[in-house]
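Only one structure is covered here, and it is reproduced in the block below.
The values are calculated or read from the model by the stated rules, or taken from the named source; none is laboratory data. Small disclaimer: the values here were computed from a predicted structure and weren't measured. Cβ atoms come from the backbone with ideal geometry, glycine included; neighbour counts cover every protein chain shown.
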Number of protein chains: 2
Amino acid sequence: MWLARWGRITRPAFAAACRAYSSTPARNPTYASLTPSILKQFASVLSTPQSSLLSTIPSETQQWRVVDDTDLEAYNKDWMGKYIGHSACVVRPKSTEEVSSIMKICAEHGLAVVPQGGSTGLVGGNVPVHDEVVLNLGSMNRVRSFDEATGTLVCDAGCILQTLDDYLAERGYMMPLDLGAKGSCQIGGNVSTNAGGLRFLRYGSLHGSVLGLEVVLANGEILPLLQTLRKDNTGIDLKQLFIGSEGSLGIVTGVAITTPKLPNSVNVAMFGVDSFDRVCQTARHVRKHCAEILSALEFMDQDSFDRVMHNPSHSFRDPFEKRYPMYVLIETSGSNQDHDQAKLQDLVEDVLENGIVADGVVAQGEKQAQELWSMRELVPESLTAQGKVYKYDVSLPLEHMYELVEVVERRMVDTGMKPALKQPGFVKAVCGYGHVGDCNLHLNVVVDQYSDDVEAALEPFIYEQVQAMHGSISAEHGLGVMKADKIGYTKHATAVKYMEEVKRLFDPQGLLNPYKFLPTR
Amino acid sequence: MWLARWGRITRPAFAAACRAYSSTPARNPTYASLTPSILKQFASVLSTPQSSLLSTIPSETQQWRVVDDTDLEAYNKDWMGKYIGHSACVVRPKSTEEVSSIMKICAEHGLAVVPQGGSTGLVGGNVPVHDEVVLNLGSMNRVRSFDEATGTLVCDAGCILQTLDDYLAERGYMMPLDLGAKGSCQIGGNVSTNAGGLRFLRYGSLHGSVLGLEVVLANGEILPLLQTLRKDNTGIDLKQLFIGSEGSLGIVTGVAITTPKLPNSVNVAMFGVDSFDRVCQTARHVRKHCAEILSALEFMDQDSFDRVMHNPSHSFRDPFEKRYPMYVLIETSGSNQDHDQAKLQDLVEDVLENGIVADGVVAQGEKQAQELWSMRELVPESLTAQGKVYKYDVSLPLEHMYELVEVVERRMVDTGMKPALKQPGFVKAVCGYGHVGDCNLHLNVVVDQYSDDVEAALEPFIYEQVQAMHGSISAEHGLGVMKADKIGYTKHATAVKYMEEVKRLFDPQGLLNPYKFLPTR
């Protein structure tokens, strides 16, 4: 209904936005198309083609599993229903050698390939854009080794993050990363997208914790970089190139990662505060008191919190007596429960007495801790339950972090998509939450249905704002198909030129994950 | 005198060692030679050529500072006196633009260049091999910005590590790395060599803590990657390529790095233990009790400790009543002195009561802490005071870490260079010390004079041993000229092939730091 008011919009940025909006890139005609004869070749190099090779193309000799389009939907369509490809073939190799053999065949014919992990991405990086062969790593899911003295884990790329975390927990360790999608996402996908998540604050980037990688290149060569040493300064650290390059330079098949000890003592607290400025002040005090035991420093705004409280699939009780404009969640992980609780106690007294937070709760026991965490972790799901969601994942200097949410909501009002601030309209809500400790904001815009008009109002407006604030248009979600042509908002043209040259070096035919990550030329 | 016994050596590995030993690589004739006209071009792009451009080539018009060979010795010769080049020209640019202009001129003429930082390296990476132009970054030493809220530092590459640490200390922060050479080494060199050092255990690799880099490429292009965001997943993380590639892909001119808060409480303890097995057991208990506050976990053997005690430049008092085969030094850094001391107390009681350590001392106050640290940090200097030192810096699986020292000492006895284990001969000592928390061993072989015979007995023997033990032949010191052709002991040929292609991509003329890092073809 608010669309009626679009006529009011005259700002030049908005006009530019409408022009810049683009649909799916056209299929590159230089890529080969799949044929029964290529499928036969695939089948010949797979140990169990009846289960590892799925295609809608009929097989006269039953060499692969013939399926229909709906059987392939889970591989062709992303979980948000936003990106939908049309591959006729999914390969699920069981070993690095099988991945290598499949890639050799693809390179021979010039077939494009999309490497696929747990498909939990948000930028369409994990599904085909057109008819690319889907190379799904899900059947490679073995732990290869674990060293209990040093905490070094070596595993297949298709291992699910939660499974690895459970495996390590039994041995007194934990994965150095954790994210909402942990139950489905795979470590190979985590590495390929340089996943950040909830433990980044404490355990840092995968560029630091990944010790080695095994990678299959576009030509089928196996690049054996699966080192397990903490320190190794011999030559260019090539593995770094594959961390965060979204499967466009090679297919990660094996991962060696250093894992931290499981903490003895975990505490979770939540604070209600009156403004984003107060969030920042709280963060400073948290860092001072909790210092080395701090393991998460998250925030969400009232809109996000409200949605979680109203999530019909859960029945949360608001831990506070009234609602606050902002909420801060912190977690500490340490080795001594008494010490950690004393630090937390000091923090609580400090921020309450100094009026920095309006109210606060500290979880008593694991159940309450899990409940507080759920309130933060269920924000995305709770927003999705309300409609379709435009998701933006950005890094911003701390002082500008929430400003972006306010600017975008104001724009939604200005464009007539919301009647007023905090009033739902065609756009139901503009919410902000995320990893305040890492200056990583998740900006979510909730609508009834995806629409070109809303998207045109949001993009490139948001990217321009982020650029002006010296932020990154993708903090942890990557570029995928959604932002492939937006890289210029964060990276200099010279940098992009060299990225393209590195891409050409490792994948001269451009077979791996095309139409994504870097601008299509 | 022990050389007389060389005739006994019959092991095939030793014969191979003698054959493999190679001298300085020949000058590549495709590189141009410096001329007065090129020097004039250099002078024309420098703001202060009289101080920034030094050459032994006469200048008719006084456009640069004419010097003699001895004036250039500090730039041509490494601090150990092991690697000596013959450059006739040193450029000390004052800005990134000057570095860029100089590189454009070098690329135009095909002049080879050695980027030079604080020249504290150990593998000859920082001095010319022949007549390469020395591009010394020492005049670029400004802090560009520091954000007190997030701890993000942006600075020139030529800033000295200690200077930066002092600058940060005044603001409540510290550099995430620390090493013996901190008083002279430069952050650009630290980044280019991926320096590890004493804080690696706690604050991790520079691949995790460096946020952005400004790099001048071989063709003079400025690659602007000087991000200050903690998270930024937009495209290939190109900066990673320049971390640890020893100036062979580009010249780091600016660094953005995340810095941790200065701890409120620092404690240092040292233990005397009876064997390397006990070192490993001690390490396990230290990790258990000190966990999140542990900031260093070092070891040294008795030979190393003895040399420090006998160092004529210092007068240490042995903190223990008797000597032990091994010493473990630990440091904790935390936010609460009471909590940290309680953790340390628990540790001390545990390891003493369980007989894991034979004796232990905990520093009372900063002076004692500094003294214990000096005993570890002065090992290299104390060994150098005894003669010339062959230095090997390797990573090994924990269980093999000290085995290498024992194997090498036994070889020195077998080859007649030492009369017996622990008895000095032509080889005065074979010592082991290092970062046991990172499985990083510094193996030092002390001799009266460098000799081809000793080197031939040590190499490739040591590299072969490291390879057999699945270690790295360079943990933190890099490859330089010393190990350029040894990379195959740690890295697979396929990996080396792609390293060479990356090198060609960024430096097609091969102008940057030639004869080093990667094998010379």
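List of remarks:
- Test: B:Lys491 is assigned to a loop (DSSP other than H, G, I, E, B), without any contact (Cβ under 8 Å) to a residue 40 or more places away in the chain and either over 16 Å from the mean Cα position of the chain (by Cα) or closer than 24 Å to B:Phe305 by Cβ (or both): yes
- Condition broken by B:Thr152, with the remaining ones in (1) polar (S, T, N, Q); (2) closer than 21 Å to B:Asn264 by Cα; (3) crowded, with 24+ Cβ neighbours inside 10 Å satisfied: (3)
- B:Leu226 being more than 26 Å from A:Thr234 (Cβ to Cβ) and out of contact with any Ser or Thr (no Cβ under 8 Å at 6 or more places or on another chain): yes
- Residue list for region B:496-521, filter: surrounded by 19 or more Cβ atoms within 10 Å (Cβ to Cβ), touching a Lys or Arg at 6+ places or on another chain (Cβ under 9 Å) and assigned to a helix (DSSP H, G or I): B:Met499
- When we screen B:Gly197, B:Gly235, B:Gly244 for residues that are buried (at least 22 other Cβ atoms within 10 Å of the Cβ), small (Gly, Ala, Ser), in contact with a helix residue (DSSP H, G or I) (Cβ under 6 Å, 6 or more places away or on another chain) and on the phi > 0 side of the Ramachandran plot, the only hit is B:Gly235.
- Looking only at region A:137-176, and only at residues there that are closer than 21 Å to A:His207 by Cα and in a loop (DSSP other than H, G, I, E, B), the one that is modelled with the lowest pLDDT: A:Thr150
- Scan of region B:89-123 for residues that are touching an Asp or Glu at 6+ places or on another chain (Cβ under 6 Å) and of a type in the set (Gly, Ala, Ser), ordered by number: B:Ala112
Table: residues versus (1) in contact (Cβ under 8 Å) with a residue 12 or more places away in the chain; (2) of a type in the set (Asp, Glu).
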site	(1), (2)
A:Glu321	yes, yes
A:Tyr327	yes, no
A:Asp346	yes, yes
A:Asp350	yes, yes
A:Glu353	no, yes
A:Asp359	yes, yes
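- Of the residues making up region A:417-445, those that are within 21 Å of A:Arg376 (Cα to Cα), away from chain B (no Cβ under 14 Å) and of a type in the set (Gly, Ala, Ser) number 2.
- Entry remark, region A:29-46: residues being assigned to a loop (DSSP other than H, G, I, E, B) and either at pLDDT below 95 or within 32 Å of the chain's Cα centre (by Cα) (or both) number 7 in total.
- Top-ranked residue in region A:452-483 [being free of Cβ contacts under 8 Å to residues at least 40 places away in the same chain and crowded, with 16+ Cβ neighbours inside 10 Å; ranked as nearest to A:Lys388 (Cα to Cα)]: A:Tyr463
- In summary, helices (runs of 4 or more DSSP H) completely within region B:315-416 and bearing 3 or more residues that are within 14 Å of another protein chain (Cβ to nearest Cβ) and surrounded by fewer than 17 Cβ atoms within 10 Å (Cβ to Cβ) occur at B:337-353.
- Any hit, region A:437-456, residues being in contact with a Lys or Arg (Cβ under 6 Å, 6 or more places away or on another chain), hydrophobic (A, V, I, L, M, F, W, C), over 30 Å from B:Lys261 (Cβ atoms) and assigned to a strand (DSSP E or B): yes
- Residue satisfying condition, being at pLDDT below 95 and on the phi < 0 side of the Ramachandran plot, within set B:Lys391, B:Lys422: B:Lys391
- Test: residue in region A:300-311 that is over 22 Å from the mean Cα position of the chain (by Cα) and of a type in the set (A, V, I, L, M): yes
- Count - residues of region A:200-232 that are surrounded by 23 or more Cβ atoms within 10 Å (Cβ to Cβ), more than 30 Å from A:Leu297 (Cβ to Cβ) and within 7 Å of chain B (Cβ to nearest Cβ): 4
- For region B:286-303, filtered to residues that are touching a His at 6+ places or on another chain (Cβ under 9 Å) and of a type outside the set (A, V, I, L, M), the residue that is farthest from A:Arg287 (Cα to Cα) is B:Phe299.
- Selection within region A:247-267: residues that are more than 8 Å from chain B (Cβ to nearest Cβ) and among the aliphatic types (A, V, I, L, M). The member of this set that is surrounded by the fewest Cβ atoms within 10 Å (Cβ to Cβ) is A:Leu262.
- Matching residues, region B:465-495, being farther than 12 Å from B:Thr520 by Cα, within 9 Å of chain A (Cβ to nearest Cβ) and among the β-branched types (Val, Ile, Thr): B:Ile473, B:Thr490, B:Thr494
- Top-ranked residue in region B:181-227 [being part of a strand (DSSP E or B) and in contact (Cβ under 8 Å) with a residue 60 or more places away in the chain; ranked as nearest to B:Phe506 (Cα to Cα)]: B:Val216
- Cβ pairs under 9 Å, 6+ apart, first in region A:422-433 and aromatic (Phe, Trp, Tyr), second assigned to a loop (DSSP other than H, G, I, E, B): A:Phe426/A:Met1; A:Phe426/A:Gly416; A:Phe426/A:Met417; A:Phe426/A:Lys418; A:Phe426/A:Asp448; A:Phe426/A:Ser451
- Number of residues in region B:319-339 that are over 16 Å from B:Gln368 (Cα atoms), in contact with a strand residue (DSSP E or B) (Cβ under 6 Å, 6 or more places away or on another chain) and polar (S, T, N, Q) equals 1.
- Answer residue from region B:125-136, given it is part of a loop (DSSP other than H, G, I, E, B) and in contact with a helix residue (DSSP H, G or I) (Cβ under 9 Å, 6 or more places away or on another chain) and is nearest to B:Lys77 (Cα to Cα) among those: B:Val127
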